[in-house]
Amino acid sequence: MSTSPAILTALRHATRADHQALEEVSLGNKIMDGSLSAPEYRRLIDWQRRSHLVLEPQVAGFQDGNYGYRPRFLAPAAPGQTQVDRAGAVGILYVLEGASLGGSLIYRKLQSNPALAGQGPFTFYRDQADWGLQQWRAFVNFLGRSPFSPADIARATAAAREAFATFRREWTRVP
């Protein structure tokens, strides 16, 4: 097994610009330099909640071998919302699990920001710090041992790009 499955390489390549664009608009620089304010933190969490509530019902209960998606925000599926096929789920999961990778660093940055002293315990990011890397590794292992056709890879990359678009849309909707 290669260290980077073809589908993972395709997802990274197809979404690189989406990822960079999202980081530029979602206060990432303020998190990292410690200048994030309490109102901005609340906006950030509301954005995460809103985005996850759109995406998570589509992958709820996804399980394959040692990998299973762990919901970040528990909520019932929206009326009329259905789960996507396996390839579509992989694309959405790539975005959700990838976002969790930064949780540990973000958690430490939030804890050290004096302007956020009264906002803790930063549960959303603390939970990601606790299990984000483990989830990512299990997800990558799943990708590496699972067959994906070129059509599957195309559907996964389209779903990942749409997941990034969901995060962008929700950012503009959060007051």
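Every number here is computed from the coordinates shown, using simple stated rules; none is lab data. Predicted model only: the values in this text are computed from it and were never measured. Virtual Cβ from ideal backbone geometry, glycine too; neighbours counted across all protein chains shown.
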* Asked: What is the fewest-to-most order of D33, D18, D46 by other Cβ atoms lying within 10 Å of their Cβ?
  -> D33, D46, D18
* Asked: When the helices in the chain are scored as -39500 (n - 2.57) per DSSP H run of 4 or longer and the sum is shared across all residues, what 222 nm value do you end up with, to the nearest 500 deg cm²/dmol?
  -> -23000 deg cm²/dmol
* At 0.692 mPa s and 37 °C, Stokes D of the range 6-173 from Kirkwood alpha-carbon radius, µm² per second -> 199 µm²/s
* Compute the long axis of helix 6-25 from its Cα atoms, compare it with the longest principal axis of the Cα atoms of the chain, and write down the angle in degrees, 0 to 90, nearest 10. => 20 degrees
* **Packing-based order for 142-151, 119-128, using average beta carbon neighbours within 10 Å, highest first** => 119-128, 142-151
* Structure fact -> Longest principal axis of the chain (C-alpha) makes with the long axis of helix 123-145 (C-alpha) an angle, in degrees to the nearest 10, of 20 degrees
* Where does each of 10-17, 60-67 land if you order them by average Cβ count within 10 Å, highest first? -> 10-17, 60-67
* With Cα atoms, 0 to 90° folded angle of helix 86-101 axis to the chain main axis -> 30 degrees
* Structure fact -> Around A151 (Cβ within 14 Å, Cβ-to-Cβ, excluding A151; K/R +1, D/E -1) the net charge comes to 0
